[in-house]
Amino acid sequence: QVQVVESGGGLVQAGGSLRLSCVVSGTKNALWEIKWYRQAPEKQRDLVASITNGGSTDYADFVKGRFTISRDNAKTAADLQMNDLKPEDTAVYYCNLQNVYGDYWGQGTQVTVSS
């Protein structure tokens, strides 16, 4: 059974940093893509960043230059380093794994940025 577990959320002041971690267990498939999404209250879920097992990355325009996604292939894991956080970054952040077998989601981790 595939499990996707996020950690690292919390409360931070504007301009601060947080590092989110996503660890996937229960899969041995070598080809995967991990995506981080976020959803603020009463708003749609937006794609923030993605990374493939090969290391290809992509970012939403609203986080470029501030967020960095990285991978750990040994663990099928991906971190999201978030710098220069803004109040508008406040949301629940979700990790999503996609591979040939399916599409798997974590429960989410809350990030709150105070002004």
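Descriptive notes on the structure:
- Qualifying residue in the range 14-21 (condition: closer than 14 Å to Glu88 by Cβ, open to solvent by 40 Å² or more (accessible area, probe 1.4 Å) and in contact (Cβ under 8 Å) with a residue 12 or more places away in the chain): yes
- Scan of the range 12-42 for residues that are in contact with a Gly (Cβ under 9 Å, 6 or more places away or on another chain) and not in a strand (DSSP E or B), ordered by number: Leu31
- Residue selected from the range 60-114 under the condition assigned to a loop (DSSP other than H, G, I, E, B), of a type in the set (S, T, N, Q) and at pLDDT below 95, by the criterion most open to solvent (accessible area, probe 1.4 Å): Asn73
The values are calculated or read from the model by the stated rules, or taken from the named source; none is laboratory data. Every value quoted in this text rests on a predicted model; they were computed, and no experiment measured them. Note: ideal-geometry Cβ built from the backbone for every residue, glycine included; neighbour counts use all protein chains shown. To get the accessible areas, we keep the full protein, side chains included, count just its heavy atoms, and leave off ligands, DNA and RNA. Shrake-Rupley method; radii C 1.70, N 1.55, O 1.52, S 1.80 Å.
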